[in-house]
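Only the coordinates and a few stated rules stand behind these numbers; no lab work does. All values reported here derive from a predicted model rather than from experimental measurement. Please note: Cβ atoms are built from the backbone with ideal geometry, for glycine as well, and neighbour counts cover all protein chains shown.
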Amino acid sequence: MKRRIVVCITGSSGAIYGARLLRACSKIENIETHAIISSAAETTIRLEMHKERGEIEKLATYSYGEQDFEAPIASGSFITDCMIVAPCSMKTLSSIATGFEQSLVTRAAMVALKERRPLILLTRETPLNLIHLRNMVQVTEAGGIIMPPLPPLYFESKDMVELVDLTVGRILNMVGVKTDLLREWGKEKLTD
Ligand SMILES: Cc1cc2nc3c(=O)[nH]c(=O)nc-3n(C[C@H](O)[C@H](O)[C@H](O)COP(=O)(O)O)c2cc1C
């Protein structure tokens, strides 16, 4: 069976993280992606990437509307391996933290948590207020992983896409997918 990864892009800055994640998955054999792009993300995709939603959806194996509660990923009976929200807005974070299943993104996240499947949120906002921080604690206590997309500057990457891909490599590594996007600090110093 193919590895099934749910990828959601919500309306915080950083739509490129979700897009690059979908692109990376599309190049790995044996992965199928199930994507949801929120309507707010349509705006960030347009403003930040100068692309239309459909162009990003094409990178996914399957894609769903944010109100499509009939989608397979709305049910725990549909087996998936993990869910990644990249990037995750503070609005979506708060819906997940409070279990307010008003969209397929939150419903699928609730499914991931109840089924004890990995749920990774690339929460993006700065600075953070106490409500944001409490919501992050709440999701962490429920089993989710808060992973703000903070670029590793120690690799001295030359461009933004390369920096984004380092984070994409880290995410995929966390869910057990090996990819050459992952770089390991100090690896070259190891002798056999
Ligand atoms: C250009 C732009 C950048 C935004 N950046 C952020 C952000 O970094 N973090 C955030 O939480 N919301 C951000 N927002 C606001 C969200 O888009 C807004 O809260 C939206 O309701 C989120 O909806 P969603 O979670 O359903 O995608 C941004 C909006 C725009 C237009």
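Results, tabulated for the structure shown:
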| read-out | value |
| --- | --- |
| Prolate/oblate/rounded label for region 44-109 (Cα gyration tensor, a/c 1.5) | oblate |
| Alpha carbon centroid spacing (whole Å) that separates region 160-192 from region 51-90 | 24 Å |
| Straight-distance crosslink candidates among lysines, where the alpha carbon sits under 30 Å from K58 and sequence neighbours closer than 8 are dropped | K2, K27, K91, K114, K158, K178 |
| Filtered GluC sites (Glu not before Pro), region 1-71: DSSP coil and at most 10 other beta carbons within 10 Å | E29, E70 |
| Cα gyration tensor shape of the chain, rounded if a/c is under 1.5, else prolate or oblate by comparing a/b with b/c | rounded |
| Computed helical MRE - 222 nm, the chain, DSSP H runs ≥ 4 contributing -39500 (n - 2.57), nearest 500 | -11500 deg cm²/dmol |
| Ranked by how many other beta carbons lie within 10 Å on average, peptides 3-15, 106-118 from highest | 3-15, 106-118 |
| Anisotropy class of region 1-87 from Cα gyration tensor, a/c 1.5 cut | oblate |
